[in-house]
Amino acid sequence: MKLNNFWLILLAIGAALPAFSGKTLDAIKKRGYVRCGVHNGLPGFSAPDSKGKWRGLDVDVCHAFAAAVLGDKEKIKVVGLSAQQRFTALQSGEIDVLTRNTTRTLTRDSALGLNFAPVNYYDGQGFLVKKSLGIKSALGLNGAAICVAQGTTNERNLADYFRKHKMKFRPVVMESHDELFKAFLSGRCDSYTTDAAGLAAQRSRVKDPASLVILPDIISKEPLAPVVRHGDDEWFDITTWSVYAMIAAEELGITTKNVDNMKKSKDPNTLRLLGVIAGNGKSLGLKENWAYNIIKQVGNYGESFERHVGKNTPLRLPRGLNALWTSGGLMYAPPLK
């Protein structure tokens with residue numbers, strides 16, 4: 001085959017392929033807001049406050065996407081979703097991105113036609129029990145009734161753990177975490193299991209949090225990350241690097257309060273992140289101040305963490321694996337240049 005004919009065939013194939021690139025971004029710009037699917041009520045991550053405004057670590061990620069694309073973090077529509085609803089809502093186009101404490105797994109990444117942005121919270125599955133039971137370890141739950149949410153990775157993890165340790169349990173399965181927690185408090189279950197941060201969130205709702213104990217056993221890896229559809233690389237890139245921008249800002253010491261002064265920095269990495277040195281915005285199809293808008297309006301990752309789930313919140317979660325890599329954690333941003 002002649003070389004010229006070869007290239008003509010490739011061009012013809014390319015022309016016949018669906019034009020996915022930019023589809024979501026174009027729709028967001030035309031619509032004027034980003035549609036984000038979140039947990040329908042998980043304090044610290046996504047829950048409406050007393051005035052009905054959604055707040056939380058996962059909601060901040062949605063705000064970051066709006067700030068990057070539209071220049072205004074408030075241009076979002078939050079859609080509360082159950083575990084069963086979340087993937088269908090994303091696949092059908094009801095939402096643009098899922099920012100709902102969703103674990104990245106091989107089958108979800110491949111078989112469901114999804115792409116995961118960087119992890120915004122590293123978690124692991126644990127167990128909650130009443131202090132009055134005197135149980136010190138998950139190994140003491142042999143024969144117990146355990147509340148677990150339907151359609152989650154927690155179901156399989158629970159079965160795997162008990163099978164591994166040759167223990168028996170009676171699952172109490174429901175769709176709603178709130179209903180499960182009520183069942184646990186009423187005594188229908190001996191233990192309630194979900195991601196450890198979710199246990200802390202539910203425990204913070206009771207009058208006497210000290211009456212409930214999160215057992216020290218962590219039985220799984222739960223890397224929680226925003227999710228988008230396969231096939232739109234531009235939108236995937238924007239969500240990916242928006243999360244990294246928040247992490248990079250914390251690495252560089254850039255905060256909501258000092259971001260304007262940091263534009264005068266002599267550090268090229270800081271100047272690139274804030275758009276003073278141009279290039280990153282063009283590469284993403286955004287304005288050069290996209291990351292500046294995220295940091296100015298939402299904050300860096302550490303600010304968001306401490307605001308919603310940190311030591312001065314009802315959840316009182318330690319940074320742990322969610323600390324920067326420079327502090328022994330797993331939060332690490334590739335070079336933004």
Would you tally the net charge around residue 164, using a Cβ to Cβ cut-off of less than 14 Å, leaving residue 164 out, and scoring K and R as +1, D and E as -1? +2
I want to check the label-to-label distance for residue 111 and residue 72. Put each point 7 Å from Cα in the C-beta direction and report it in nm to one decimal. 4.3
Tell me the accessible surface of residue 205 in square angstrom (1.4 angstrom probe, heavy atoms of protein chains only), to the nearest ten. 110
Longest to shortest principal axis, alpha-carbon extents of segment 17-141, angstrom: 58, 40, 22
In nm, to one decimal, how far is the modelled label at residue 131 from the one at residue 276, with both set 7 Å along Cα→Cβ? 5.1
Principal axis extents for the chain, Cα atoms only, whole Å, descending order, please. 72, 56, 38
Find out how many positive minus negative residues lie around residue 144, taking Lys and Arg as positive, Asp and Glu as negative, among other residues whose Cβ is under 12 Å from that of residue 144. +3
Taking only Cα atoms of segment 209-283, the Rg to Rh ratio with Kirkwood Rh works out at 1.17
Beta bridges per DSSP with both ends in the chain, % antiparallel, nearest 5: 55
Run down the aspartates and glutamates and flag those whose C-alpha is under 15 Å from the C-alpha of residue 221, throwing out any fewer than 8 positions away in its chain. 123, 155, 160, 195
On average over all directions, what projected area in square nanometres does segment 120-258 have, based on the convex hull of its Cα atoms? 11.5
Heads up, I need the accessible area for residue 58: 1.4 angstrom probe, whole protein in place, Å², nearest 10. 10
Alpha-carbon centroids, segment 129-147 and segment 21-63: separation in whole Å: 36
Residue-span extension gain [residue 263 to residue 233] - 0.36 nm each, minus C-alpha spacing: 7.8 nm
When the chain is treated as a Gaussian network with springs between alpha carbons less than 10 Å apart, the largest mean-square fluctuation among 241, 290, 325 is found at 325
Could you quote the convex hull projected area for segment 190-314, Cα atoms only and averaged over all directions, in nm²? 10.6
Can you compute log10 of I(q)/I(0) for segment 269-337 with the Debye formula, treating each Cα as one identical point scatterer, at q = 0.16, 0.19 Å⁻¹? -0.67, -0.83
Cross-link partners of residue 30 among lysines (Cα-Cα below 30 Å; sequence separation of 8 or more within a chain): 51, 53, 73, 75, 77, 282, 287, 296, 337
Under 14 Å between alpha carbons, and skipping anything fewer than 8 positions from residue 136 in its own chain: which aspartates and glutamates qualify? 190, 217
Net charge (Lys, Arg +1; Asp, Glu -1) of residues whose beta-carbon lies under 15 Å from that of residue 334, residue 334 excluded, is -1
Candidates 47, 144, 248, ranked by Gaussian network fluctuation over the chain, Cα under 10 Å, top entry: 144
Accessible surface, per residue, of the chain when the full set of protein chains is kept, probe 1.4 Å, Å²: 48
Measure off, as a whole percent, the carbon and sulfur share of the 1.4 Å-probe accessible area of the chain, all protein chains present. 54
Measure out, as a whole number of angstrom, how far apart the alpha-carbon centroids of segment 190-242 and segment 269-337 sit. 19
Using Cα springs under 10 Å in a Gaussian network model of the chain, which residue among 151, 44, 134 shows the largest mean-square fluctuation? 134
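The values are calculated or read from the model by the stated rules, or taken from the named source; none is laboratory data. Everything quoted here is computed from the prediction, not taken from an experiment. Cβ: placed from backbone, ideal geometry, glycine included. Neighbour counts: every protein chain shown. The area values use the complete protein model at the heavy-atom level, side chains included, leaving out ligands, DNA and RNA. Shrake-Rupley method; radii C 1.70, N 1.55, O 1.52, S 1.80 Å.
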